[in-house]
Amino acid sequence: MKDTPFWAEGVRFECTSCGHCCRHEPGYVFLSQNDLTRLAQGMGMKEKDFISKHCRRVDLGVAVRLSLLEKSNNDCIFWDEGCTVYEHRPLQCRTYPFWPAIMDSQEAWDEESKECPGMNHGALRSKKEIHDALSAREGDVLLSPDR
Ligand code: SF4
Ligand code: SF4
């Protein structure tokens with residue numbers, strides 16, 4: 001990250017609830033222990049049962065992670081005309097689009113904004129809000145199922 005990030009004066013973002021980031025294309029929603037605990041508790045399930053029913057193990061080569069399952073059409077397992085676990089959704093979902101790879105450069109932000117109609121629209125999100133989202137992700141270690 002550069003000393004003065006392109007988002008130093010904030011950026012505009014307001015989700016339009018279009019659902020694009022939750023569906024249609026294959027992807028990963030990686031879980032931390034906090035995510036797993038919140039989701040399992042929110043659904044009244046034991047964590048091991050939640051993993052068996054709703055998660056998959058993903059071998060990234062450099063690490064193994066736990067991700068939510070997708071339906072056969074590539075929608076997130078929890079998409080059904082909206083996020084059915086919205087209150088308990090993982091931090092990855094909560095912090096979009098303020099992810100390190102997207103906030104790293106104006107170019108990365110511009111590229112991502114082609115996929116998300118909420119970016120560059122709506123409320124001005126402050127530098128602190130963005131910084132807090134980045135820090136939250138950094139501090140929430142992802143589960144590594146082999147450990
Ligand atoms: S793609 Fe953007 S606007 Fe659409 S649901 Fe996701 S965050 Fe919201
Ligand atoms: S958990 Fe909810 S917000 Fe996250 S990808 Fe799935 S449907 Fe979207």
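Its Cα gyration tensor gives the chain an equivalent ellipsoid. The semi-axes, each the square root of 5 times an eigenvalue, are 27, 18, 15 Å from largest down.
Remark: the chain carries a charge dipole of roughly 480 debye about the Cα centre, counting +1 on each Lys and Arg Cβ and -1 on each Asp and Glu Cβ.
So who's got an amide H within less than 5 Å of the one on D75, skipping anything under 5 residues away but keeping other chains? H placed 1.01 Å off N, in plane. The list, which skips near neighbours in sequence, is H24. Fewest-first ordering of H88, H24 by other beta carbons within 10 Å of each residue's beta carbon gives H24, H88.
When the Cα positions of A133, A123, C55 are compared along the charge dipole of the chain, C55 comes out farthest toward the positive end, with charges on each C-beta of Lys, Arg, Asp and Glu. Once C-alpha pairs closer than 8 Å and six or more residues apart are averaged by separation and normalised to the residue number of the chain, the relative contact order reads 42 percent.
GNM remark for the chain: springs join alpha carbons under 10 Å apart, and the peak mean-square fluctuation among D75, D35, D110 falls on D110. Here the residues T95, T37, T4, ranked from fewest to most Cβ neighbours within 10 Å of their Cβ, fall in the order T4, T37, T95.
Under 5 Å from the amide H of V29 lie the amide H atoms of L68, each residue being 5 or more positions distant or on a separate chain, with H modelled from the backbone and absent for Pro and chain starts. Couplings for the stretch 41-55, taken from phi via the Karplus curve 6.51 cos²θ - 1.76 cosθ + 1.60 with θ = phi - 60°, read 5, x, 9, x, 10, 6, 4, 5, 6, 4, 4, 4, 8, 10, 10 Hz in order; Gly and Pro are left as x. Remark: the stretch 13-52 carries a charge dipole of roughly 140 debye about the Cα centre, counting +1 on each Lys and Arg Cβ and -1 on each Asp and Glu Cβ.
When the chain is treated as a GNM with alpha-carbon contacts under 10 Å, the residue of Q106, Q92, Q33 showing the greatest mean-square fluctuation is Q106.
No value in this document is a laboratory result; all are computed from the given coordinates. Fair warning: this is a prediction, and the values are worked out from it, not measured in the lab. Here the Cβ is made from the backbone with ideal geometry for all residues, glycine too, and neighbour counts use every protein chain on show.
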